[in-house]
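See below for the structure under consideration.
The values are calculated or read from the model by the stated rules, or taken from the named source; none is laboratory data. Predicted, not measured: the structure shown is a model, and the values here were computed from it. For neighbour counting, all protein chains shown are included, and Cβ atoms are generated from backbone atoms with ideal geometry for every residue, glycine included. These accessible areas exclude ligands, DNA and RNA; they are computed on the full protein's heavy atoms, side chains included. Shrake-Rupley method; radii C 1.70, N 1.55, O 1.52, S 1.80 Å.
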Amino acid sequence: MTTPLISVEKLRRDYVSGEGTLTVLKDIDLTIEHGEMVAIMGASGSGKSTLMNLLGLLDRPTSGTYRVSGQDTSALDSDQLSALRREHFGFIFQRYHLLAELSAVGNVEIPAIYAGRARSERRERGAALLGRLGMADRTAHRPGQLSGGQQQRVSIARALMNDAEVILADEPTGALDRQSGEEVLRILEELNADGKTIIIVTHDPSVAARAKRIIEISDGVIIADRRTDAADARKSETPADPGTAASAPTRWGAGLDRFREAFTMALKALAAHRLRSFLTMLGIIIGIASVMLVVALGTGSQKMILANISSLGTNTLEVFPGKGFGDTRSGRVTTLVISDADALAKLTYVAAVTPTVSTNTTARFGATVANALVNGVGSQYFIVKGSTLVSGRFFDDESVATLSQDAVIDENTAKALFGSEGSDPIGKIILAGTVPVRVVGVISSQQGGFGSSDNLSIYLPYTSVQTRFLGTTSLRSLTVRVADDAEMDAAEQAVTDFLIRRHGTKDFFILNTDDIRKTITSTTQTMTLLVSAIAVISLIVGGIGVMNIMLVSVSERVAEIGVRMAVGARRMDILQQFLIEAVLVCLIGGCLGIALALSVGAAAALSGAGISLIFSATPMLLAFACSCLIGIAFGFLPARNASRLDPVAALS
Ligand code: ADP
Ligand code: MG
């Protein structure tokens, strides 16, 4: 005696609902041989579909044994079950269950994707199957463009794709008109004649009459099992259609192929809900763009400020009168005088000292007038500040001693006053306020300093400015350049002690440029960290948005997941498909976010608003990796939910 194809013993299926359990199948015993054409008939609610789902391995029995070709199925895990489904069973559903985004041939080839067949081969076979079912001219049509009968033929072709031995058809004609139903039954008869085992579930006696064996079921028990007149109990031991056995590509190649199909499906799913996908991405776009902009802004402004500070000189101390920048009386503190500078200059750790006084006034040359800052400085000033001479010369100690009206101007001033005529400023007389001064040198403009670099600066001997502009001998500040081999902090302390001794009280304060640099560096770092933290939070919120939409997407596509599982998708395949979708949303969002940040940067640069954004590769790569991770992290739960779905629950 040969092993029966299907053998069921004491099969029982209970549903736990509310308080009690509902026993839908009560200890069914049944065997079906190769090549049979069986109708399972019964009233609605009698348990036919439940039995069918058990036979198709979509569902597990509560108790009893089920053997397929002698193999006990009760010990198999879900992936082994899907492998068995893939190889042995083809499903035809009452409502076709075709995937709307795919063409007819695309639907037909799904089982072959999971079986790991080569792409060209499955295209060819899918088209050939459709051709055999009279659908040769409809292969590229979407399900929505096909009639019910045509859709059912597509689903028959899908059931045949992996060359299944058994075709399980649950009310295959239930949604069709008479003629289309007749057509479907004829196809099933032909397939049976080719050697396929056909099991049809129906409540319609006229449909059941087409089978060679009718099993009647009522309230979960088999009440009749008879062969019709037509039955010749023809048995076929070999599966039909031997010429189409699958060529098995390498494991690696098959995995890659499934990945590619999942990728295309994910793209199609995203394209099917463009607005929704975009809105979901928005959170990621904003998050990534803000992370990048914040980091770029932090780097940019830090660099700008540091450049300004280094233009002040890195080893200089600025001594100001008063108690601090906020001291309103500092203007009236007149104790900082030139003899302090002379005394300081004699100290060993001081390389040079220059006093400064300053006043705002107008600069005029011919008809051109501009506002300018007149700086009274010592001859050492240009050395202390490291100024570069563009043309002419600096003024010297003698100019200071003689209160000369020799002026050094910066390039901004040269441009403002002489730019239009393009003439050489050296030797020209300009009016600073009401004082005529002669230009002896042009220096390159200071990179900002603490004022804007657009300021016009005129440098005169401080003695001239004190007498001709201010009428006072007190100084606005002293700039001390510390000797290269001296320690900055020690020098600052020594200068402080020295001046306190001279003045008898601390009526001045010292700005150490090195301190400022350190403070600004650490401040901008703290700011960047803080704002980055906020941006990361917005990324997390974006990720939760992705998770939310993915959960919606999974619950919307439960039927699709069911079909994929019925035709043999592994849990891994489903997980992969939804994970790819989530990662894609995040990656596309990430790319758009990077593009947005870069275009904001470009716009800021074009607008010339003086905002400096410096983008570097690292934050960009981090943003990219970040969006990938968000996709995986927040996509995992929905994807896992999808892969854990019960095929029967998904299909019902
Ligand atoms: P049919 O013969 O019409 O195909 P079914 O096999 O679908 O009948 O259902 C048989 C019985 O099992 C019905 O009474 C139905 O209410 C019940 N049933 C089916 N699926 C479930 C379920 N998931 N939970 C609870 N009861 C169910
Ligand atoms: Mg049913």
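List of remarks:
- For the range 145-188, the Kirkwood estimate of the hydrodynamic radius, built from every pair of different alpha carbons, is 10.7 Å.
- A straight chain from residue 522 to residue 602 at 0.36 nm per residue would run longer than the Cα-Cα distance by 26.1 nm.
- Of every Cα-Cα pair in the chain, the percent that sits beyond 48 Å: 48 percent
- Within the range 6-248, DSSP assigns beta bridges of which about 55% are antiparallel (rounded to the nearest 5).
- Spin-label pair residue 533/residue 389, simplified geometry with 7 Å Cα→Cβ offset, distance in nm: 5.3 nm
- Annotation: for a label point projected 7 angstrom from Cα along Cα→Cβ of residue 147, residues of the range 178-201 with backbone N closer than 13 Å are 178-184.
- Projected-area mean, the range 6-248, by convex hull of Cα positions, square nanometres: 13.5 nm²
- For the set 93, 636, solvent exposure ranked by accessible area (probe 1.4 Å, protein chains only) runs largest to smallest as 636, 93.
- The relative contact order of the range 580-644, computed from alpha carbon pairs under 8 Å that lie at least 6 residues apart in sequence, is 55 percent.
- The range 334-506: Rg to Rh, with Rh as the Kirkwood radius over Cα pairs: 1.00
- Compared with the direct C-alpha span, the chain from residue 367 to residue 22 gains 113.8 nm at full extension, assuming 0.36 nm per residue.
- With 20 Å as the limit, the listed pairs 303/518; 323/346; 303/415; 10/48 have 323/346; 303/415 beyond it between alpha carbons.
- Sites residue 622 and residue 87, calculated FRET efficiency, Cβ-Cβ separation with R0 51 Å, nearest 0.05: 0.65
- Kyte-Doolittle at least -1.0, axis length at least 30 Å by Cα - qualifying DSSP helices, the chain: 251-272, 274-311, 513-556, 571-607, 617-643
- Looking at the chain alone, DSSP beta bridges between its own residues are antiparallel in about 70 percent of cases.
- The relative contact order of the chain, computed from alpha carbon pairs under 8 Å that lie at least 6 residues apart in sequence, is 17 percent.
- In whole angstrom, the range 507-652 maps to an equivalent ellipsoid with semi-axes of 48, 16, 11, each derived as √(5λ) from the alpha carbon gyration tensor and ordered largest first.
- What the Cα convex hull of the range 1-93 gives, in volume per residue, is 124 Å³.
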